[in-house]
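Let me begin by presenting the structure, written as structure tokens, before commenting on it.
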Amino acid sequence: FYEGMLSTGYEGVREIQKRLRNTMGWSATAGEVDNFVFEDANSVFIEDAEMQQRLLDQNPNAFRDMVTTFLEANGRGYWETSEENIERLQELYAEVEDRIEGV
């Protein structure tokens, strides 16, 4: 799924972000999203440095929104992950924000 999305460039990254955001919304309304769904997405899109760079290069704003969605999912109790992972996401958010702002 995601490789096909990435082949479309900027819009593909936005579509991946939209699906992640919808997954969090499903957690909020139905409470039926297992923790492994967020863990798998985190493994594919955040933990993989090469994938991270691809997303960031193609659409930094959507990538920042992905990071925000992971943080929000954890903050709302929809996703349990390690404190180290949360700290890494917070650092990544700051790095992406700096890149977007040209710092």
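From the coordinates of this entry, log10 I(q)/I(0) by the Debye sum over Cα atoms at q = 0.12, 0.16, 0.19 Å⁻¹ is computed, and it appears in [x] -0.75, -1.10, -1.15; [y] -0.36, -0.65, -0.92; [z] -0.41, -0.73, -1.01 under the label [y]. Averaged over its residues, the chain has an accessible area of 56 Å² per residue, based on protein heavy atoms and a 1.4 Å probe.
Computed over protein heavy atoms with a 1.4 angstrom probe, the accessible surface ordering of 45, 36, largest first, is 36, 45.
Count the net charge of all other residues whose Cβ sits under 13 Å from the Cβ of residue 50, scoring Lys and Arg as +1 and Asp and Glu as -1. Overall, the nearby charge balance is -3. Summary: within the chain, the longest segment free of GluC sites (Glu not before Pro) located in DSSP loops with at most 16 other C-beta atoms within 10 Å is 33-79. What is the local net charge at residue 17, summed over the other residues whose Cβ is closer than 14 Å to its Cβ (Lys, Arg +1; Asp, Glu -1)? Value of the local net charge: +2.
Percent of accessible area on the chain owned by carbon and sulfur, 1.4 Å probe? Carbon plus sulfur share of accessible area: 47 percent.
The values are calculated or read from the model by the stated rules, or taken from the named source; none is laboratory data. Being a predicted model, the structure only gives us computed values, none of them experimental. Note that we place each Cβ from the backbone using ideal geometry, even for glycine, and neighbour counts take in every protein chain shown. We work out accessible area using only protein heavy atoms, side chains counted, and drop any ligands, DNA or RNA first. Shrake-Rupley method; radii C 1.70, N 1.55, O 1.52, S 1.80 Å.
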